[in-house]
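This report concerns only the one structure given below.
The values are calculated or read from the model by the stated rules, or taken from the named source; none is laboratory data. As the structure is a computational prediction, the values presented were derived from the model and not from experiment. Don't worry about glycine lacking a Cβ; one is built from the backbone with ideal geometry, like all the others, and counts go over all protein chains shown. Side chains included, ligands, DNA and RNA excluded: accessible areas come from the protein's heavy atoms. Shrake-Rupley method; radii C 1.70, N 1.55, O 1.52, S 1.80 Å.
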Amino acid sequence: MADPSSYRPKPGQIPDSPGVYKFRDEHRRVIYVGKAKSLRQRLASYFQDLSGLHPRTRTMVTTAASVEWTVVSTEVEALQLEYSWIKEFDPRFNVKYRDDKSYPYLAVTMNEQFPRVQVMRGQKKKGVRYFGPYGHAWAIRDTVDLLLRVFPVRTCSAGVFKNAARTGRPCLLGYIGKCSAPCVERVSPEEHRELAEEFCDFMAGRTGTYIRRLESRMTDAAEEMEYERAARLRDDVEALKKAMEKSAVVLADATDADLIALAEDELEAAVQIFHVRGGRVRGQRGWVTDKVEAVTTGDLVEHALQQLYGEETGDSVPKEVLVPALPELVEPVQEWLAERRGSNVSLRIPQRGDKKALMETVQRNALQALGLHKTKRASDLTTRSRALEEIAEALDLDSAPLRIECYDISHLQGDDVVASMVVFEDGLARKSEYRRFQIKGFEGQDDVRSMHEVITRRFRRYIAEKEKTGEWADGETGLTEEDGRPKRFAYPPQLVVVDGGQPQVAAAKRALDELGIDDIAVCGLAKRLEEVWVPGEDDPVVLPRTSEGLYLLQRVRDEAHRFAITYQRAKRARRFRASPLDDVPGLGETRKQALIKHFGSVKKLRSATIDQICEVPGIGRKTAEAITVALAQAAPAAPAVNTATGEIMEDTTDTTDAADTTDAESETTAGSTGEPVSAGSSDERRGQER
């Protein structure tokens, strides 16, 4: 690990002008390429106190052994040179794009004497018209099969074409009318090229002209009583309309645009692109990228633009590019795109209307792509095994942690403090083993004390179960209840993960030590920097960005946070819905709802007599007396006041919420009973919740 000060350029040596810089390692390999409006200011930001750098940036500058730069005249040139160097050197610390496949295009080889329509992948060739990309090659073949009725362009390979020319017999498509058969000179090269150009025009979105022309010819043929030709033209019109239906209109003004959306987390980002031509979605593509460097959404957009248009020219770069966030330097990127297109390109964020609605659709596709990518990683047995092995190696464990328990504390400004425990076995969530706790030992906000209490309570139960079964001398039979279910808290984990840094890890370790447990490993995952902390160490363990172990720890931690905050919100909601009727012994949910339905509100119920309460079905005199006493002891809520007039508002609300204490109210926490609970919905906002 190199000291950045050992290769830091001298003051005044770095020019204050636009340029591109390269960091090299001790073997002279380029490990990072970047551009800057001011090289002096940008490079100076790398040579500061290491503790102030992002972990990924810190890893890069300590891996590097030298830095060099190239001065350019404009920011556009810097963008072009950065793209060229990234393609040439493939630096390990730059954003990496993992495209899961080479997307197929519909290609028309206009550079040949007899243009051919075919499916093409990979590097684009000069003189070939491309349409797409498409998600699947079969989608291209279906579209071409429909269009060949109207535009019978050659689709055969060079070998088939030469053989037909030699024998004087066309292929099957020539006999059935789906090829104009230039191989046997049924049409001249000029006529065939005109057909190919019309095919390209139709694919480019100029569809109305051809449909109107065919409909006119069909009408003329019918008037001349050439019904067979009219029927063929009718079928041609239907084929064109069917081909158009495969890409529905999404933008009414025949817009040519690309829409780019992102879904990201701490380590990865999914990019989705919709290609809209003539107001129709002509293609879609996407990839997943590792966030190797510390990048913003705008930086990811800039990298995506380089990936998309770095090799494109002309109409392949649309007039309009819609993005979720703008790069830091918008004007140079727009100029670079305009140079590649040959005319102005608009780069902007859609604000309203159809374009914003379509952008939301692209965003949903990006979220689904990221979720699918994570699901594939989580469900793969080999990947899970590698993740557990990496965790064991990083934490110096004797064996892979087949059972991992993670704990998180959640509260809202110190109120309704709760904790969660989630369990992963063999790298997969075991939701039946999830537990939740209410913090009972103290009041207020103290995550460290809360963590100590939760770990103590959980493993005190573990020790109690262990003592009952006599160290499980009778084998697995001691681990189950009479009905065959596993005993609560009976299984010990190999690894305890806490959401937090050194203080939370120290609290968890102290709790285990106080209970005399020394065979369970402890670590913490700090969310801000994704660092792994272990007890007694001043420095964290930094797992590589590509580590499956880090991904698994992150997933475990996020699940614990989701489960904790879901419980905390439910608990807070129940507190807001508390009712004086909750204190009446023996009064269940059904009779509470019957009371509220009969009287309309708690206020009216409070003013009712015992005899009136007894009129409610299921309410006896003894219960009615208990209800009257409970309502009398409870202070009535403060009346609502109209702040504009000072008028006291009548409380006639149908307070079904007073009795709407759902089953969640009667659920006890796992800290007291250990009953499993199901996972709730993912948290949508954090605010001041922890």
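Of note:
- Calculated FRET efficiency, ILE176 to LEU372, Cβ-Cβ distance, R0 = 56 Å: about 0.85 to the nearest 0.05.
- For GLY174, neighbours were defined as the other residues whose beta-carbon sits under 10 Å from its Cβ, and their charges (Lys and Arg +1, Asp and Glu -1) total +4.
- The phi-based Karplus calculation (6.51 cos²θ - 1.76 cosθ + 1.60; θ = phi - 60°) puts the 3J(HN,Hα) values of region 267-281 at 10, 9, 9, 9, 10, 10, 10, 10, 9, 10, 10, x, x, 10, 6 Hz, whole numbers, x for Gly and Pro.
- Heavy-atom surface analysis with a 1.4 Å probe gives region 25-118 a carbon and sulfur content of 46 percent of its accessible area.
- Remark: region 142-156, residue by residue, has Karplus-estimated 3J(HN,Hα) of 4, 5, 4, 4, 6, 6, 5, 4, 9, 10, x, 8, 4, 10, 7 Hz, where x stands for each Gly or Pro and the curve is 6.51 cos²θ - 1.76 cosθ + 1.60 at θ = phi - 60°.
- Between the amide H of VAL281 and those of ALA248, VAL250, distances stay under 5 Å, these residues lying 5 or more places away or on another chain, with hydrogens modeled in the peptide plane.
- Long-range amide H partners of VAL522 with built H, under 5 Å: VAL496
- Between ARG92 and LEU267, residue separation times 0.36 nm minus the direct Cα-Cα distance comes to 61.5 nm.
- Label-point separation, ASP518 to ARG186 (7 Å along Cα→Cβ), nm: 8.9 nm
- Residue-by-residue Karplus 3J(HN,Hα) for region 597-607, coefficients 6.51, -1.76, 1.60, Hz, glycine and proline x: 5, 6, 9, x, 6, 5, 4, 5, 5, 5, 8
- Label-to-label distance for GLN48 and GLU331 is 2.6 nm, based on points extended 7 Å past Cα in the beta-carbon direction.
- Fully extending the segment from TYR491 to ARG403, taken as 0.36 nm per residue of separation minus the present Cα-Cα distance, adds 30.8 nm.
- Each of TRP69, TRP336 has its accessible area taken with a 1.4 Å probe; listed largest first, they run TRP69, TRP336.
- Distant-in-sequence amide H partners of SER66 (H built 1.01 Å from N, under 5 Å): ARG24
- Solvent-accessible area of VAL542 with every protein chain in place, 1.4 Å probe, in Å² to the nearest 10: 80 Å²
- Pairs over the 31 Å Cα-Cα cut-off, from the set LYS126/LYS162; LYS125/LYS374; LYS291/LYS571; LYS509/LYS571; LYS291/LYS356; LYS178/LYS356: LYS125/LYS374; LYS291/LYS571; LYS178/LYS356.
- Label-to-label distance for SER346 and HIS598 is 6.7 nm, based on points extended 7 Å past Cα in the beta-carbon direction.
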